[in-house]
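A quick write-up on the structure given underneath.
The values are calculated or read from the model by the stated rules, or taken from the named source; none is laboratory data. Bear in mind the structure is a predicted one, so any value in this text is a computation, not a measurement. Don't worry about glycine lacking a Cβ; one is built from the backbone with ideal geometry, like all the others, and counts go over all protein chains shown.
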Amino acid sequence: MENFEFYNPVRVFFGRGQISKIAGQIPAGSRVMLIYGGGSIFRNGVYEQTMEALKRFEVTEFGGIEPNPTYETSMRAVEVIREKKIDFLLAAGGGSVIDATKFIAAATLYTFGDPWNILAKKMPVMRALPFGAILTLPATGSEMNRNSVISRRSTAEKLGFGSPFTYPKFSVLLPDAAGTLPPAQVANGIVDAFVHVMEQYLTYPVNAPIQDRFAEAILLTLIEEGPKAYRNPADYEAMSNLMWSATMALNGLIACGVPEDWSVHDIGHELTAFHGIDHARTLAIVQPGLWKALREEKKEKLLQYGERVWKITEGSTDEKVDAAIEKTVEFFESLGIKTRLSEYGVGQDTIDKIVARFRERNWINLGDRGLTTPEVTKETLEHQL
């Protein structure tokens, strides 16, 4: 096991009727901005419960955060915050709304030029407005981590950042609110969480058995409970297990003491930036391709994953690796998620643009051990044509 430092300050309220708790978590006299997306909180009852909990606060609303939150929309929120001297933010929705809120919180207090530099130039975030989150969609884990991913329409880019100052002060997790989601969104959440685990698990062995088994437990729960929630989002027990699995997949715990490989996300972000493909669906495309390209380098963990998660014990080493990859693809596709670029109308020209962009950014050694070179990125995507 490698050295590590673990820190997570987020207070979590999980389950029915928990929104009422937020009034006690926001400093008295705060001017609050309620941030949300396309309006689902009006349909699932979250808006009414939230406004009741906030009745003693001055509240400004800001809606319209996109499924892939944009810099442009976020900066409009920053203008309103500065104008109205808002001092606490509350995100209500899925990971996109929470990601946007993190960037908004940081950008509002950023004084070193264009806040896009937080993402493009990795400028450090030294302070941010405090914020909380009300989660209505299991997927990203943003409700219990410091990370955010933002797109910029004008440059067709999608980049991420994280800071100790962008943890939520609290998060309310609402499986019942997720019961109104369309199955396609539930499927996206399952795959997003699944690949989050993989990026921290399927690297190379470092004798960290407890982290491995934490990760495998989350994967098994997603495989068992995810399809139940996909078939019936109103199944409260299944949705509860899915939501907590997605939170645990990216709250920092399973990353302790192990190497990580986020190259699937790095490549997937470009597919979203160029073509607007749902984030989770880009991950379902890229993940099997990367394993095919790096099957020798990741062989030990692929075999472990296949045996412990999919019970693959027979055949040669190559056959077991192939079976592990195929079982993963079958799982994604059982949720209605396509895993080939051609199924999204994406061809070789996009692959070439992504490789060229990575070279321009000097992203030439991504992932664990720097294995994901531009050549490996190209091979990864060509496997999935």
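Of (1) buried (at least 19 other Cβ atoms within 10 Å of the Cβ); (2) out of contact with any Phe, Trp or Tyr (no Cβ under 8 Å at 6 or more places or on another chain); (3) outside the structural domain of Ala107 (by TED's automatic domain parsing); (4) part of a helix (DSSP H, G or I), Arg213 satisfies all except one. Which? Every listed condition holds for Arg213 apart from (1).
In region 216-250, how many residues are in contact with a strand residue (DSSP E or B) (Cβ under 9 Å, 6 or more places away or on another chain) and either over 17 Å from Ala139 (Cα atoms) or outside any helix (DSSP H, G or I) (or both)? Number of matching residues: 1. The residues in region 139-162 that are in a helix (DSSP H, G or I), crowded, with 21+ Cβ neighbours inside 10 Å and of a type outside the set (A, V, I, L, M) can be counted, and the count is 2. Test Gly268 against the stated conditions and say whether it is at positive phi and either without any contact (Cβ under 8 Å) to a residue 24 or more places away in the chain or assigned by TED's automatic domain parsing to the domain that holds Thr350 (or both). No: the conditions fail for Gly268.
Picking from residues in region 174-217 that are of a type in the set (Ser, Thr, Tyr) and modelled with pLDDT of 95 or more, the one that is farthest from Phe331 (Cα to Cα) is Tyr204.
Are any residues in region 19-75 aromatic (Phe, Trp, Tyr) and in contact with a Lys or Arg (Cβ under 7 Å, 6 or more places away or on another chain), and if so, which ones? Across region 19-75, the qualifying residue is only Tyr71. Exactly one residue among Glu225, Glu260, Glu270, Glu237 is more than 21 Å from Asp349 (Cβ to Cβ) and surrounded by 18 or more Cβ atoms within 10 Å (Cβ to Cβ), and that residue is Glu225. Of the residues making up region 45-70, those that are more than 13 Å from Ile22 (Cα to Cα) and within 23 Å of the chain's Cα centre (by Cα) are Phe62, Gly63, Gly64, Ile65, Glu66, Pro67, Asn68, Pro69, Thr70.
Taking region 131-177 as the range and being in contact with a strand residue (DSSP E or B) (Cβ under 6 Å, 6 or more places away or on another chain) and without any contact (Cβ under 8 Å) to a residue 40 or more places away in the chain as the test, only Gly162 passes. Scanning region 273-284 for residues that are closer than 16 Å to Ser154 by Cβ and surrounded by 21 or more Cβ atoms within 10 Å (Cβ to Cβ) yields one hit, Ala273.
So that you can scan it fast, the table gives a plain yes or no per residue for (1) crowded, with 21+ Cβ neighbours inside 10 Å; (2) assigned by TED's automatic domain parsing to the domain that holds His279; (3) touching a Gly at 6+ places or on another chain (Cβ under 9 Å):
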{"position": "Glu2", "(1), (2), (3)": "no, no, yes"}
{"position": "Gln18", "(1), (2), (3)": "no, no, no"}
{"position": "Ile41", "(1), (2), (3)": "yes, no, yes"}
{"position": "Glu58", "(1), (2), (3)": "no, no, yes"}
{"position": "Val80", "(1), (2), (3)": "no, no, no"}
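Mind checking which residues of region 163-196 are of a type in the set (Gly, Ala, Ser), assigned to a helix (DSSP H, G or I), surrounded by fewer than 24 Cβ atoms within 10 Å (Cβ to Cβ) and under 17 Å from the mean Cα position of the chain (by Cα)?
Matches in region 163-196: Ala184 only.
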